[in-house]
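S.K.: Got a structure for you, written out below as structure tokens; questions coming shortly.
The values are calculated or read from the model by the stated rules, or taken from the named source; none is laboratory data. What you see is a predicted model; the values in this text were computed from it and never measured. No Cβ is skipped: glycine too gets one built from the backbone with ideal geometry, and neighbour counts run over all protein chains shown. When the accessible area is computed, the model is the full protein with side chains, heavy atoms only, and any ligands, DNA or RNA have been set aside. Shrake-Rupley method; radii C 1.70, N 1.55, O 1.52, S 1.80 Å.
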Amino acid sequence: MFTRPLLRVSAVIRPVVLLRSSVPCFASLQQQEVIQDRVQLLCKQNKAAEAKKLIVGMSNSSYEPQAIFNAYLKLIHHYGNTKRFNEALEVLDEMKKQNLLNGSAVTSLFRDVCQAEDLTTATKIWPLVKANMRPSAYPYNLFITLLVQNQKFDQVRELLEDMDAHDIERNTATYSPIIEYHTKADEIPQVFRLLEEMNNRNIAAGVVLYTTIVGAMVKHNKIEQAWKIFELMKTNGVKPNVFSYTTLIGGYCKIGKHDRIHELIEEMKQQKISPDAAAFNAIIYSYCKANDPVQAMKLIDSMRKEGIQPDAVSYNPIIQLLSSANKMEEAMDIVHHMKGQGIETDALTYSTLITSFCKFNRLADAINTLEMMKAEGIQPNSYSYTPIVGLYCQKGNVIAALTFVKEMQAQEIEPTGFMWTQIIVALCNARKIEESYNLFKKIFPTCDFNATSRSIIGSTLGRAKDVKSYFKQIPVPTEMTSNKKIKKKRVIY
């Protein structure tokens, strides 16, 4: 009695079951996002192997190809950031097997390789990039930049020709690294040629590139060449910005050509571009270098009229000029004026005053200035203490000098090699050879004595004691190594 209806039900159900089994049941969007976040977290924890297993599990389960691709991309980026490029290439091979490989994955790795400046790996990957990329200048620009850094200009030319052959338009980023290289190499005709080529191709060089070229020329003291580039920028319809003007003004400040500086300032005003603090400070420094504090102070007034608040960087060159000329009262008046205007002084302000007070044998004033500095909450540095210690050593008062050294060390300020040299020489002059020699042996392993200090110690302490054997143990520190912050065991005297 119930046979027929049951058959009917089964006949109805069977097609539904077959229908469900023929359509893939993907994980929910939330599940896919969770698993991708998990991959990213594992990569951050440097657990790339676990992340890779997780992605393989995704590939064998019901996850959308896009979700698997995104997870692979995170893993590739991790390998790229950690410079594990061979493992990243293995991931690309796995993606290719799963038909997931595309240009964005390859370009992502290629970008990391180029940023790591790994020319060998970049050359190895380049054919893969070309095979999978969409027509774009971006990967070409990455490779050109790397090749320029390695001075592989034959390959650069080949890439440029390849871009033309595939109708890939060059852009500003294509030319920028080449132009910057020739600028730094002082190959000015090449720079002009490349800029002309860009103009002929209707590629706008842009204010950033022009300003970069001007800055590089200023850095290498090619000021008039920088001026020509500046004029070419305007001729080509590129409007200079405040940084362009400030950079060129800084160049003319270096050579003290004030007529050209004022010409540029007036041009800025005509273009309704307000000079910034950096421009004014550069000009102030230039006038101080030319021994003209009056013009420098006039520029301080001009800054205020332009609505720009002067700061310690503005005043410090004037203070240095006055104090070096033994006009200490005028220099101190400027410091008091700064305080009255609510302008904060800095360590350089006071260190400059301390140096000049010591230079003109005004030790008490130097110490008072140091105390004033500390009272204002400004941390002294080695430049603040060195002149005071030096003057005490000149006066033969080594005990007082060492008192200031202890004060420095209590504030975790390391005495310089020059400071220790002064103390060693002062002890020798006081005929305390053994004490001088013991101090030298104690501080030598942790102190960078430069060539000058070694020469001075050799000509004083070296007459009575063997210092050459110590100097042979450690080479003379170069400028590069002496600038590195190396953690050393401190010697407390």
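S.K.: Obtain the nm distance between the two label points defined at Glu266 and Ala312 by a simple spin-label model: each point lies 7 Å from its Cα along the Cα-to-C-beta direction.
M.R.: 3.7
S.K.: Continuing with this model, one more query. Using the scaling law 2.2 N^0.38 Å as the reference, what is the normalised Cα Rg of segment 168-271?
M.R.: Normalised Rg, Cα atoms only: 1.05.
S.K.: Still on this model: I'm spelling it out carefully: the read-out is percent of Cα pairs over 40 Å apart, the candidates are (1) 59; (2) 27; (3) 55, and one was derived from this structure. Which label?
M.R.: After the calculation, the listed value that fits is (3).
S.K.: In nm, give the distance between the simple-model label positions of Gln190 and Lys124, each being 7 Å from the Cα along the Cα-to-Cβ direction.
M.R.: Taking the simple label geometry, Gln190 and Lys124 are separated by 2.9 nm.
S.K.: 222 nm [θ] for the chain, helices only, -39500 (n - 2.57) per DSSP H run of 4+, per residue, to 500?
M.R.: Estimated from H runs of four or more residues: -23000 deg cm²/dmol.
S.K.: Okay, moving on. Where in segment 39-54 does the label zone of Glu90 land, with the point 7 angstrom along Cα→C-beta and an amide N cut-off under 12 Å?
M.R.: 48-50, 52-53
S.K.: Which part of segment 61-76 falls in the paramagnetic zone of Gln30, meaning amide N under 20 Å from the point 7 Å along Cα-to-beta-carbon?
M.R.: Counting backbone N atoms under 20 Å from the label point, the list is 62-64, 67-68.
S.K.: I would also like to ask the following. So what's the convex hull volume per residue for the Cα atoms of segment 32-133, in Å³?
M.R.: 83
S.K.: Let me ask something else. Give me the percent of the accessible area of the chain that comes from carbon and sulfur atoms, probe 1.4 Å, all protein chains in place.
M.R.: 53
S.K.: Same structure, new question: Defining a contact as two alpha carbons under 8 Å apart and six or more residues distant in sequence, what relative contact order in percent does segment 32-133 show?
M.R.: Once divided by the residue count of segment 32-133, the mean separation gives 22 percent.
S.K.: Suppose accessible area is computed on protein heavy atoms with a 1.4 Å probe; arrange Asp93, Asp346 from highest to lowest.
M.R.: Descending order: Asp93, Asp346.
S.K.: Please work out the average accessible area per residue across the chain, using the 1.4 Å probe convention, and give it in Å².
M.R.: 55
S.K.: Let me ask something additional. If you average the sequence gap of Cα pairs under 8 Å that are 6 or more apart and divide by the length of the chain, what percent do you get for the contact order?
M.R.: Here the relative contact order equals 5 percent.
S.K.: From the alpha carbon gyration tensor of segment 322-438, can you work out the equivalent ellipsoid semi-axes (sqrt of 5 times each eigenvalue) and give them in Å, largest to smallest?
M.R.: Gyration-tensor ellipsoid for segment 322-438: 29, 15, 9 Å.
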